[in-house]
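Q: Below is one structure. I have some questions about it.
The values are calculated or read from the model by the stated rules, or taken from the named source; none is laboratory data. Just so it is clear, the model here is predicted, and its values are computed rather than measured. Ideal geometry is used to build each Cβ from the backbone, glycine not excepted, and the neighbour counts take in all protein chains shown.
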Amino acid sequence: MLILRAVLFQIFLTLTVIPYAIACLLWAPLPLKWRYKLTVAWPRLGLWGAKHILGLRWHVKGWENLPDAPAVILCKHQSTWETFFFPAYMPKQVCFVYKRELHRIPFFGWGLGLLKMIPIDRSKGRDAFAQVLSIGTQRLQEGRWPVLFPEGTRVPPGKMGRFKLGGARLACHAQVPVIPVAVNAGEFWPKGRFIKQPGLVTISFGPPIDSTGLTPEQLNQRVYDWVAAEMQRLNPNRHYLKSSPTTLE
């Protein structure tokens, strides 16, 4: 039964992303506000499909912690699920930091490229981070929320990867707070697994952490500590606090 659900969900995503990508090209001349609103209907549709095909429901903790002001979002990364959630349901436009090569992916990359996010050229080495600071600050000034996954990749449940400093540096540079986010989607939609499990995903938004007077390293550590503790609360059977490495990067 789970295999059948997974197959149907993959077919659902494929059949919906192609017409949406073509539509993205058609509404490309529209202002960003409308392009964004129309384009993020697809990840919202994807979460609808996950709920009704896979049995993957979701619950939010801490909506009240989201400020009506510029902020950088630093989120635990376990699954593809959270990449659907942020553009679909956040109260402000979000922008991901991602490698520019994703624009070459047919259909998905086309829509992504039209949303003015934060694409970086990794071939430029250290200059790539300068792009994050420059473009990220501009996006914050536009009223958008940059979303970064400080672990850099999806990390299996029960583990915490090292938090890279990029998001904390952006927050300190722009003098805005960080919203730490914990999410346990990997329990149901794990990395590299075709079969997904039904269940209830919890995404938890922590109180804003003020970057004023903190170094990026200090801010990064505070974010890391909150996320690790919250992950432990979400999944008491795991050992996030015991096995977590320190944040050195």
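Q: Can you name every residue in segment 47-93 that is more than 12 Å from residue 203 (Cβ to Cβ) and acidic (Asp, Glu)?
A: 64, 68
Q: Check segment 47-59 and report whether any residue there is in contact with an Asp or Glu (Cβ under 7 Å, 6 or more places away or on another chain), within 25 Å of residue 230 (Cβ to Cβ) and among the hydrophobic types (A, V, I, L, M, F, W, C).
A: No; the residues of segment 47-59 include none that is in contact with an Asp or Glu (Cβ under 7 Å, 6 or more places away or on another chain), within 25 Å of residue 230 (Cβ to Cβ) and among the hydrophobic types (A, V, I, L, M, F, W, C).
Q: Still on this model: So, residue 247, is that one among the polar types (S, T, N, Q) and modelled with pLDDT under 95 or not?
A: Considered against the rule, which asks whether it is among the polar types (S, T, N, Q) and modelled with pLDDT under 95, residue 247 comes out as yes.
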